[in-house]
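The values are calculated or read from the model by the stated rules, or taken from the named source; none is laboratory data. Since this is a predicted model, take the numbers as computed values, not measurements. Don't worry about glycine lacking a Cβ; one is built from the backbone with ideal geometry, like all the others, and counts go over all protein chains shown. Accessible surface is based on the protein model in full, side chains and every heavy atom, while ligands, DNA and RNA are left aside. Shrake-Rupley method; radii C 1.70, N 1.55, O 1.52, S 1.80 Å.
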Amino acid sequence: MPDRLKVLVVDDDTHIAELISLYLNKDGYETKEVYNGREAVNTFKEYSPHLVMLDLMLPGMDGYQVCGEIRKISTAPIIMLTAKSETFDKVLGLEMGADDYIVKPFDPKELVARVKAVLRRYDKNDSGMDHMIVLPNLSVNQTRYSASYHGKELDLPPKEFDLLFFLASHPNQVFTREQLLDQIWGYEFMGETRTVDVHVKRLREKMPYEDVWQIKTVWGVGYKMETR
């Protein structure tokens, strides 16, 4: 990773945006603050941040819409921010492509830890040999952070890629949802096991059933990459 990672902070409350920037700056991150959805999309294209802290309730274009627009052009990780008083559909947020979410009011140390955890899993610049998994009609390259299915590159947000690589790296081994949460999202993640179900569903939509391998549900337990 570069020395100064860039975080785009999107919140219509300037005080919260400044607070987030303050703590991220103290931890060595570069930040840029914007205060509405349309500005967020335009700034994202110009600033090319490594991560986006995205408030759910924004004027003009809400966080869901901003997330959708960013996902059309980038797989950069997105952490959604939501107040306890707001209705936040966690599954919808994850399906839109968010990687994590934080409820306000938040502990600044937890926020920084979440940012670190997400970026750690998104680092595309590991040194050394390529870490590749090759199955019939599927290849997953961890170092290049790319995957192809039937020769066509898959558009995978970071957590979908990490889940696919992890399951493909352990063929025929069954993992509970809790184990997958711990392996892919890390101990800092405070979400529900439904998060895993959402990501498996999205992977299956992008990779229809194959005769020789599939992400299989093991009822009452979890998931495995079954190969024959």
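Here are some notes:
- Near-label residues of the stretch 204-228 by backbone N, under 11 Å of a point 7 Å along Cα→Cβ of Asn172: 226-228
- Estimated from helical segments only, the mean residue ellipticity of the chain at 222 nm is -11000 deg cm²/dmol, where each DSSP H run of four or more residues counts as -39500 (n - 2.57).
- Candidates Tyr145, Tyr209, Tyr64: whichever shows maximal mean-square fluctuation once the chain is modelled as a Gaussian network with Cα springs under 10 Å: Tyr209
- Beta bridges by DSSP in the chain, antiparallel share as percent, to the nearest 5: 50
- Per residue, the accessible area of the chain comes to 49 Å², computed with a 1.4 Å probe over protein heavy atoms only.
- Each 5 Å bin from zero holds the following percent of Cα-Cα pairs in the stretch 144-228: 3, 14, 27, 28, 18, 8, 2, 0.
- C-alpha long axis of helix 14-26 to longest principal axis of the chain, angle in °: 60
- Which of Pro108, Tyr145, Thr31, positive extreme of dipole for the chain (C-beta unit charges): Tyr145
- By accessible area, using a 1.4 Å probe on protein heavy atoms only, the chain has 50% of its surface on carbon and sulfur.
- With Cα atoms, 0 to 90° folded angle of helix 37-47 axis to the chain main axis: 70
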